[in-house]
Amino acid sequence: MSGKGLNTVFPSDLKYFEILNDMLQREPINAIGPEVRGEIASIGIVKGQPFNPDERMKKLLREAGTLGNATARAITIQPRFEGVAIYPETNSGWTMAYANKNASFDENGSMNLDARMLFYFNAGGVTPAMAVTTAGAGSDYALAFLDGKKRAFDGSKTYKVHLPPNVPVNNFWAVTLYDTQTRSQLQTSQQFPTVGSLTQGIQKER
């Protein structure tokens, strides 16, 4: 790894829509379907045409970016739809990145928009192997934004994670800290804010 910082977070203001316009202009017309393309056109982003929103539209787009960002954060921190709780029979705050282990986000012939937002607001790529709970065949991701009393984590406090013995892991396990503001790895004195089975000096309790 280079050790150099890289900002991969999309903006949530007017710049977001400018980036969307740039992508739409560069990609072929059939990169997205006509329905979504029509929704984008309704805010003035049309392939082959300049994107020049007036002051009224700029205000609306800034508000839309702010509200969209806030909505995605609320869904991320405490999702209310089924299929994401790892321990649904308890009050645990642990959730999974894929609702019902579904990496395509479709459900009974329709798209689970909240489930899709939960994943893509926090990550950039998807593969079915990321939702396979079989050691050696896939990977499993658990997310936690709240403590055992459903309170937001506090950076000034110390927390402990308790795992049951003999967790079925073939290659490795890791716990990584992310910044809730950037959804990127937390900037600390370490090169990577993570600890796991491959961490030098890690000891396993007997």
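The values are calculated or read from the model by the stated rules, or taken from the named source; none is laboratory data. Everything quoted here is computed from the prediction, not taken from an experiment. Cβ atoms come from the backbone with ideal geometry, glycine included; neighbour counts cover every protein chain shown.
Residues of the stretch 141-185 that are over 15 Å from ARG73 (Cα atoms) and touching a helix residue (DSSP H, G or I) at 6+ places or on another chain (Cβ under 8 Å): TYR141 alone.
Can you find, within the stretch 177-206, the residue that is surrounded by the fewest Cβ atoms within 10 Å (Cβ to Cβ) among those that are charged (D, E, K, R) and at pLDDT 80 or above? Give the derivation first.
Taking the stretch 177-206 and keeping what is charged (D, E, K, R), we get 179, 183, 204-206.
Adding the requirement that they be at pLDDT 80 or above leaves 179, 183.
On the way: ASP179: 13, ARG183: 17.
Only one residue tops the list, namely ASP179.
Residues that are in contact (Cβ under 8 Å) with a residue 40 or more places away in the chain, more than 21 Å from ALA123 (Cβ to Cβ), aromatic (Phe, Trp, Tyr) and touching a helix residue (DSSP H, G or I) at 6+ places or on another chain (Cβ under 6 Å) are absent from the stretch 42-64.
Residues are listed down the side, and each one gets a yes or a no for (1) modelled with pLDDT under 90; (2) under 20 Å from THR182 (Cα atoms); (3) small (Gly, Ala, Ser):
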{"position": "ALA70", "(1), (2), (3)": "no, yes, yes"}
{"position": "ARG73", "(1), (2), (3)": "no, yes, no"}
{"position": "GLU82", "(1), (2), (3)": "yes, no, no"}
{"position": "ILE86", "(1), (2), (3)": "yes, no, no"}
{"position": "GLU89", "(1), (2), (3)": "yes, no, no"}
{"position": "SER92", "(1), (2), (3)": "yes, no, yes"}
{"position": "ALA97", "(1), (2), (3)": "yes, yes, yes"}
{"position": "GLU107", "(1), (2), (3)": "yes, no, no"}
{"position": "MET111", "(1), (2), (3)": "no, no, no"}
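Listed conditions (1) surrounded by 13 or more Cβ atoms within 10 Å (Cβ to Cβ); (2) farther than 17 Å from TRP94 by Cβ; (3) among the small types (Gly, Ala, Ser) are all met by ALA144, apart from (2).
Among the listed residues ASN7, ASN30, ASN21, identify the single one that is in a helix (DSSP H, G or I) and under 25 Å from the mean Cα position of the chain (by Cα).
ASN21
Just one of the listed residues (ALA85, ALA64, ALA70, ALA41) is loosely packed, with under 15 Cβ neighbours inside 10 Å and either under 16 Å from the mean Cα position of the chain (by Cα) or within 23 Å of PHE119 (Cα to Cα) (or both), and it is ALA70. TYR120 passes every criterion in (1) farther than 20 Å from ALA70 by Cα; (2) within 15 Å of the chain's Cα centre (by Cα); (3) free of Cβ contacts under 8 Å to residues at least 24 places away in the same chain apart from (1).
Against the numbered list (1) out of contact with any Asp or Glu (no Cβ under 6 Å at 6 or more places or on another chain); (2) among the β-branched types (Val, Ile, Thr); (3) not assigned by TED's automatic domain parsing to the domain that holds TYR16, THR133 comes up short only at (1).
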